[in-house]
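These notes concern the structure reproduced below.
The values are calculated or read from the model by the stated rules, or taken from the named source; none is laboratory data. Since we're looking at a predicted model, the values are computed, not measured. So basically every Cβ, Gly included, is an ideal-geometry build from the backbone, and we count neighbours across all protein chains shown. In case anyone asks, the SASA skips ligands and DNA or RNA and just uses the protein heavy atoms, side chains included. Shrake-Rupley method; radii C 1.70, N 1.55, O 1.52, S 1.80 Å.
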Amino acid sequence: MRVCAALSLTLALGACVQPVPVGAGREAAAPTRAPLRVTNSGAAFQMYEGAAARRQAEAICAAEGRRLRPSIYDRFEAGAWVYVEGCA
């Protein structure tokens, strides 16, 4: 009997929630963060120049009035440092 009562209560509570239509709430959601790719003024960075790339990325974000969001997934890729979370 307890299992049936719990199941009935769960189903009843589930019926009180209105499903969200597809695409609803998109306007209110925070904008997605695009990865920030940093090069050395158009030239390729070297892998060991991570500190200089980080300073440049922070300056780029600051110029936009935002902050760099560093991540454990940031990486060096084909001559550019990629900051996955970008600016926030």
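Annotations for the structure displayed:
- Residue check for Ala6: among the aliphatic types (A, V, I, L, M), modelled with pLDDT of 55 or more and part of a helix (DSSP H, G or I): no
- A search for C-beta distances below 7 Å between a residue of the range 62-76 that is more than 19 Å from Met47 (Cβ to Cβ) and any residue that is open to solvent by less than 70 Å² (accessible area, probe 1.4 Å) and charged (D, E, K, R), counting only pairs 6+ apart in sequence or on different chains, returns Arg69/Glu85.
- Residue that is surrounded by the fewest Cβ atoms within 10 Å (Cβ to Cβ) [pool: residues in the range 57-88 that are under 16 Å from the mean Cα position of the chain (by Cα) and assigned to a strand (DSSP E or B)]: Arg75
- Options Arg26, Arg33, Arg54: the member that is surrounded by 14 or more Cβ atoms within 10 Å (Cβ to Cβ) and either in a loop (DSSP other than H, G, I, E, B) or at pLDDT below 95 (or both): Arg33
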